[in-house]
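First the structure, in the form of C-alpha cells, and then the observations on it.
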Amino acid sequence: MEKKALVDHTSQKEENEENVFTNFLLNTGLYQPIEITVDNTSDLADLIGGKERIDIYCPECKAKRIFYSESISYEAEDAKRGLYKRPLEEVVRSKVCIYPNGNPFTEFPEEDYRLMVFKFFCSKDEDHHLDYIVLTQGNKMIKIGQYPSVADLSFPELKEYRKVMQKEDEKELKRAIGLFASGIGVGSFVYLRRIFERIIVNASKKAIQEGKITEADFGKSHVDEKIKMLSDYLPKSLIGNTVFYGIISKGIHELTEKECLEYFPVMKGFILLILRQWEQMRRDEEEEKSIQASLSKIASKITKS
Ligand SMILES: [Zn+2]
C-alpha cells in the first residue's frame, strides 16, 4: 500500500520554475561548486525554506514523481524566547537586505550552513527519500553527497527503453552518466555522441530495408541531411532539433570540461526524450498491427457469413 505524504504542500512552488540551486542539486556531479550571489539568494532561500518541488524518476515507485522538500531550521536564542527553532530561510532573506553588494553570508549561523542536508520526499510515499549534502565555504556551495546516486536515479529509467535501445547504447549511456557524476565532462560527451550516431544508423537500416533511401545516398550525406532523409523513421524531437549533434561535436573538440559538465544534463535529457518518443512510436506501431490483424479477422468473418 502506498503511504500518503502528510505535509501540506500547497505553498510550494511549481516544479517547473527554474531554481538555480535546485538545478544545482539535481544536475551537477559531486564536488562541483556553485556561487551564492546577491541575484540568486532568493532561490537559495526558497530551497532552504522547503518551497521547492522536483519532478524526477523515483527508483522505488519506478516512475516519475514529484518530490517535496523540507524546510531547514537552526537553533537560535534570544532573551525573550530563550532557545528556539528559527527557519534558516529567514536568515538567508534578511542577509540580502543587509549586504546588498557583498558576500551575503558573512554572518550566517556557522554550523548550520557549513553542512546542509536537503531532504526530499516522494509524493506517493514519504518513505521514498532523495537526500543531498552540501558543504558551504564562504559564498560557494559544493555538493559533497547524494543518495540515491545519480546513477541509481538514472539507470532504472533506462530499462524502460530496452526495446528501442541496443545493449551497447544502454551500456554507453550508463558510462556517460557515470563519467558525468565523477566530474568528467568531455568523456561523457563522447559516449552521448556515439549513442546519437547509432540511433541515426539504426533508423537508416530500416529506411534502406523499406527502400525509402539508398545506402549510397545515406553514406555520403552530412548528419543534418541524414536526419532529414530519415524524417519518417526518427522521433519528432530529433527531426525538429538538428543542433544537438553540433553541440556534442563542439563539446568533444572545443568546449572545456566545465562547459561540458554544465551542458551534460540537457544533452542527456535530449537523448532520453528521443528514446521515450521512440518507445512510444514502437508501442503505437505494435498496437496498430494488432488492431489491424483483429479488424481483418472481423472483416473476413463478416464476409464469410
Ligand atoms: Zn516514490
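The numbers here are math on the coordinates, done by the rules we state, and not lab data. Here the structure is a predicted model, which means the values were calculated and not measured. Quick reminder, even Gly has a Cβ in these numbers, built from the backbone with ideal geometry, and neighbours come from all protein chains shown.
Could you give me D for the stretch 20-148, from Stokes-Einstein at 20 °C and 1.002 mPa s, where the hydrodynamic radius is the Kirkwood radius over C-alpha pairs? Units µm² s⁻¹, please.
Result for D is 139 µm²/s.
Pull out the extension gain between E70 and R276, defined as 0.36 nm times the separation in residues minus the alpha carbon to alpha carbon distance; nm, one decimal.
Result for the pair: 71.0 nm of gain on full extension.
Which distance in nm do the two modelled labels at T303 and I239 give, with both placed 7 Å along the Cα-to-Cβ direction?
Modelled inter-label distance: 3.3 nm.
Within the stretch 231-303, how many Lys pairs sit with Cα atoms under 20 Å apart, leaving out pairs fewer than 8 places apart on the same chain?
6
Quick check on the chain: helices-only [θ] at 222 nm, where DSSP H runs of length 4 and up contribute -39,500 (n - 2.57) each and the sum goes over total residues. Nearest 500, please.
Result for the chain, helices only: -16500 deg cm²/dmol.
Among A293, A203, V243, whose Cα lies farthest out toward the positive end of the dipole of the chain, if unit charges sit on the beta carbon of Lys, Arg (+1) and Asp, Glu (-1)?
A293
Whole angstrom only: what separates the Cα centroid of the stretch 43-89 from the Cα centroid of the stretch 183-230?
45
What are the aspartates and glutamates whose alpha-carbon lies under 17 Å from the alpha-carbon of K304, with same-chain residues fewer than 8 places away excluded?
none
Quick one: grab the alpha carbon gyration tensor of the stretch 153-291, order the square roots of its eigenvalues as a ≥ b ≥ c, and give me rounded if a/c is under 1.5, else prolate or oblate depending on whether a/b is larger than b/c.
Since a/c reaches 1.5 but b/c is at least a/b, the shape of the stretch 153-291 is classed as oblate.
Would you please put 153-160, 291-298 in order of how densely packed they are, using the mean number of other Cβ atoms within 10 angstrom per residue and starting with the highest?
In descending order of packing, they fall as 153-160, 291-298.
Can you spot the lysines whose alpha carbon is less than 24 Å from K51's alpha carbon? Ignore those fewer than 8 places along the same chain.
Output for K51: K3, K4, K13, K64, K85, K95, K119, K124, K140, K143.
Which one, V190, Q137, Y68, projects farthest toward the positive side of the charge dipole computed for the chain from Cβ point charges (K/R +1, D/E -1)?
Most positive-ward Cα: V190.
If the chain between S290 and K206 were fully stretched, how many nm would it gain, using 0.36 nm times the residue separation less the Cα-Cα distance?
That works out to 28.2 nm of additional length.
Summing Lys, Arg as +1 and Asp, Glu as -1, what charge do residues with Cβ under 12 Å from the Cβ of G246 carry, G246 excluded?
Local charge sum for G246: 0.
Test of the criteria: in the stretch 209-273, which GluC sites (Glu not before Pro) are in a DSSP loop and have at most 11 other Cβ atoms within 10 angstrom of their Cβ?
Sparse-neighbourhood loop GluC sites (Glu not before Pro): E210, E254.
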